[in-house]
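J.: My questions all concern the structure below.
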Amino acid sequence: MYLLPVSTHLKELVMADPAIAPSHAHAAAAGDSALPDRKPDPCIMVIFGGGGDLTKRLVVPALYNLSRNGLLPEQFAVLSVDGADIGVETWLNNLHASMKSFVATRNIELQLQELDDKAWSRLTDSMHYVAGDFLAEDTYRNLAEQLPRLASQYGIAPNVLFYLATPERFFGEIIDRLGAAGLADEASVGGWRRVVIEKPFGHDLASAMSLNARIGKVLREDQIFRIDHFLGKETVQNILAFRFANGLFEPSWNRDRIDHVQITAAETVGVEGRGAFYEQTGCLRDMVPNHLFQLLAMVAMEAPSSFDAEAIRQRKAEVIEAIRPIEPADAVRGQYGAGAVNQTLSRAYRDEPNVSPESATETYVALKVNVDTWRWAGVPFYLRTGKHMGRRTTEIAIRFKSAPIASFRSSGVDAFGPDWLVLQIQPDEGISLQFDVKKPGPKMALAPVRMDFKYADWFPSESNVGYETLLYDCMLGDATLFQRADMVEACWKAVQPILEAWAKSPAMDFPNYASGSAGPSAADTLLAIGHGHAWRPLGQPLLPYGSRRKAVRDAEAARSETAAVKTATRRRKVKTDKAGEPDQASAKSAAESTPKRTRAAKPSA
């Protein structure tokens, strides 16, 4: 697994700041020494579906970023295979126009300020295109001729990374034909052959098992890379670093100290013209067995014996296998109606192109998940994801159990605020910790506050779509961030009861949440019944600078109030001592000079 380097800018910043501990400065200065000392082997990347949206939006931008950072092999070529007979120049022009549009629109995924023409040319000079039907034998005969030619042209060993950026129905077909043409047999070609398979991997347990069995006849498990771009995000990878590089939280990372966990992946976008795809897939299949279960596994896994790929994947597999099959009563589905998202009027899902006006496809899912391990038994994991939500956010929120109240009863404190540890995946990537402190003043009163870390405050912004690390690892043969066959099947097994129940009983209340809202009310009921829990507000931000300043002002006002009260009391005492009774005018003046109490900013419940 590859982590992006600590920049020279950051090292200079840290070394120049005397407030930062020497050990931290040393770590930052030594950051580059921990980088991998090798590049991937020279190889050819064959993209099936090179003319599609996934290639244009994510795969090629990721290759560009790798090229710009000097992380591609010196000898490297790309060969696109697509059904459209457009030629290489038209294909490259389309990609260039797309990259330019990302810069112009400040694309939220790419975050590119400008296009480095030198890096782009370095990449595109070795990019090629062939037209071909994915199901035609001629396509694979042509491929068998093109690969040796490109290897000779660029001085590349016969190493090939096949990337299936195609609809799911082509996965098995393409791999069958690669096998029949001898293109996947490492022994015969004399180099490595690897296949990257996009999600969704199957559409239920039976189809996932069938696909695993089918591709297993052609490929070994170590040749298969089932990709999930969520796992390529730096903040997701940081979950492992945060948990296992810091001894602070491990003693409390269990059922004795944690009340429950909330994992949210909310999107403000709708189906974005993918109505035909979404009608066949739905939110549950699209998000839960891959994205959300992977986040759950990283939070709940035991410490691996090493950061070796198999050690980490084994620990994650143990969590997935321990998920109790989810009962329909522990699942809520929703579909968005008309409303407003980000102050823009939005249509209902049933009004989207290529969507049935009577569609029963869900665009929102909330689940209560139980992980039956010694560490987590009895701790509910609440998962929710949906489209056209009020705010875009992906976060993991860990709610700790409250402390006993007995010590504070005599002080007038009758309850504590919630203690939250929040791992913010996107946007505003960072980590926050919320806990109670004493309010300044003469009384014992508590107030919840937050400490926060933001990536943007410590690390320079890097253009990253989430695929860079994953593609780099594929070329290295590092499968740490990819799912094994047994993990995929265990994920589908956990949600299979819901798929079957929903297929038998289509929802009768769709649409049941407005675009721009937090989802259907039934999701709130899911948490409230039995445990009395509630969802965190969508997109609850880390305490912003403005709020911090307000908190400081509130604290200063409270201190001024305390000082004024003490001053007024002393004055009254002095007047009483002199005249035998308080000076009413002075007391009134002192009272009027006392600042009014301001209400402190309160974090979320």
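The values are calculated or read from the model by the stated rules, or taken from the named source; none is laboratory data. Quick caveat: nothing in here was measured; it's all calculated off a predicted structure. Please note: Cβ atoms are built from the backbone with ideal geometry, for glycine as well, and neighbour counts cover all protein chains shown. Ligands, DNA and RNA are stripped out before the accessible areas are found, and what is left, the full protein with its side chains, is counted by its heavy atoms. Shrake-Rupley method; radii C 1.70, N 1.55, O 1.52, S 1.80 Å.
J.: Return yes or no: is A104 of a type in the set (A, V, I, L, M), within 24 Å of G466 (Cβ to Cβ) and open to solvent by 20 Å² or more (accessible area, probe 1.4 Å)?
T.: yes
J.: Considering only residues that are touching a strand residue (DSSP E or B) at 6+ places or on another chain (Cβ under 9 Å) and closer than 30 Å to N69 by Cα, which ones fall in region 115-145?
T.: Hits for region 115-145 are L123, T124, S126, M127, H128, Y129, V130, L143.
J.: Residues being out of contact with any Phe, Trp or Tyr (no Cβ under 9 Å at 6 or more places or on another chain) and not in a helix (DSSP H, G or I): count how many of those fall in region 129-149.
T.: Matching residues across region 129-149 total 4.
J.: Okay, moving on. So, in region 150-159, of the ones that are outside any helix (DSSP H, G or I) and under 16 Å from E186 (Cβ atoms), which residue ends up nearest to the chain's Cα centre (by Cα)?
T.: Step one: of region 150-159, the residues outside any helix (DSSP H, G or I) are 155-159.
Filter again for under 16 Å from E186 (Cβ atoms), leaving 156-159.
Details: I156: 35, A157: 36, P158: 35, N159: 31 Å.
Going through the qualifying residues, I end up with N159.
J.: Do we find that M127 is open to solvent by less than 20 Å² (accessible area, probe 1.4 Å) and at pLDDT 90 or above in this structure? Give the derivation first.
T.: On the way: open to solvent by less than 20 Å² (accessible area, probe 1.4 Å): yes; at pLDDT 90 or above: yes.
Here the answer is yes, as M127 does meet what is asked.
J.: Given the conditions (1) surrounded by fewer than 17 Cβ atoms within 10 Å (Cβ to Cβ); (2) in contact with a helix residue (DSSP H, G or I) (Cβ under 9 Å, 6 or more places away or on another chain); (3) aliphatic (A, V, I, L, M), report the number of the one that A144 does not fulfil.
T.: Tallying (1) surrounded by fewer than 17 Cβ atoms within 10 Å (Cβ to Cβ); (2) in contact with a helix residue (DSSP H, G or I) (Cβ under 9 Å, 6 or more places away or on another chain); (3) aliphatic (A, V, I, L, M), A144 fails exactly one: (2).
Matching residues to (1) in a helix (DSSP H, G or I); (2) modelled with pLDDT of 95 or more; (3) farther than 30 Å from V319 by Cα:
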{"position": "V437", "(1), (2), (3)": "no, no, yes"}
{"position": "P440", "(1), (2), (3)": "no, no, yes"}
{"position": "A456", "(1), (2), (3)": "yes, no, yes"}
{"position": "L470", "(1), (2), (3)": "yes, no, no"}
{"position": "F510", "(1), (2), (3)": "no, yes, yes"}
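J.: So which of L211, L178, L205, L161 ends up being farther than 22 Å from L72 by Cα and open to solvent by less than 10 Å² (accessible area, probe 1.4 Å)?
T.: That would be L178, the only listed residue that is farther than 22 Å from L72 by Cα and open to solvent by less than 10 Å² (accessible area, probe 1.4 Å).
Results for (1) acidic (D, E); (2) closer than 17 Å to G334 by Cβ; (3) touching a His at 6+ places or on another chain (Cβ under 9 Å), shown as yes or no for each residue.
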| position | (1), (2), (3) |
| --- | --- |
| E489 | yes, no, no |
| V495 | no, yes, no |
| W502 | no, yes, no |
| A507 | no, yes, no |
| A518 | no, yes, no |
| A523 | no, yes, no |
| L527 | no, yes, yes |
| G530 | no, no, no |
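J.: I224 is checked against (1) open to solvent by 20 Å² or more (accessible area, probe 1.4 Å); (2) under 27 Å from L143 (Cα atoms); (3) at pLDDT 95 or above and fails just one. What number does that condition carry?
T.: (1)
J.: Please find, among T480, T469, the residue that is at negative phi and either crowded, with 23+ Cβ neighbours inside 10 Å or among the basic types (K, R) (or both). Walk me through it before giving the result.
T.: Numbers: T480 fails: either crowded, with 23+ Cβ neighbours inside 10 Å or among the basic types (K, R) (or both).
The match here is T469.
J.: To continue, here is another question. Taking the residues in region 447-465 that are in contact with a helix residue (DSSP H, G or I) (Cβ under 8 Å, 6 or more places away or on another chain) and under 21 Å from W420 (Cα atoms) as candidates, determine which candidate is surrounded by the most Cβ atoms within 10 Å (Cβ to Cβ).
T.: Filtering region 447-465 for residues that are in contact with a helix residue (DSSP H, G or I) (Cβ under 8 Å, 6 or more places away or on another chain) and under 21 Å from W420 (Cα atoms), the one surrounded by the most Cβ atoms within 10 Å (Cβ to Cβ) comes out as V449.
J.: Any residue in region 487-504 that is part of a loop (DSSP other than H, G, I, E, B) and open to solvent by 20 Å² or more (accessible area, probe 1.4 Å)? Please lay out each step first, then the result.
T.: So in region 487-504, the residues part of a loop (DSSP other than H, G, I, E, B) come out as none.
No - not one qualifying residue is present in region 487-504.
J.: Return the residues of region 513-538 that are open to solvent by 40 Å² or more (accessible area, probe 1.4 Å) and either small (G, A, S) or farther than 23 Å from R324 by Cβ (or both); say none if nothing qualifies.
T.: A514, A518, S521, A522, A528, G530, G532, A534, P537
J.: Pick out the one residue from L58, L54, L71 that is of a type outside the set (G, A, S), over 24 Å from P200 (Cα atoms) and in the same structural domain as Q153 (by the TED database).
T.: Details: L58 fails: over 24 Å from P200 (Cα atoms); L54 fails: over 24 Å from P200 (Cα atoms).
Only one candidate passes the filter, namely L71.
J.: Go through region 283-324 and count every residue that is more than 17 Å from L481 (Cα to Cα), open to solvent by less than 60 Å² (accessible area, probe 1.4 Å) and over 18 Å from the mean Cα position of the chain (by Cα).
T.: 2
J.: Can I ask one more? Taking H229 as meeting all but one of (1) modelled with pLDDT of 95 or more; (2) out of contact with any strand residue (DSSP E or B) (no Cβ under 7 Å at 6 or more places or on another chain), write down the number of the exception.
T.: Among (1) modelled with pLDDT of 95 or more; (2) out of contact with any strand residue (DSSP E or B) (no Cβ under 7 Å at 6 or more places or on another chain), the lone unmet condition for H229 is (1).
J.: Here's a follow-up. For S432, all conditions in the list (1) of a type outside the set (D, E); (2) part of a loop (DSSP other than H, G, I, E, B); (3) within 22 Å of the chain's Cα centre (by Cα) hold save one; what is the number of the exception?
T.: Unmet condition: (2).
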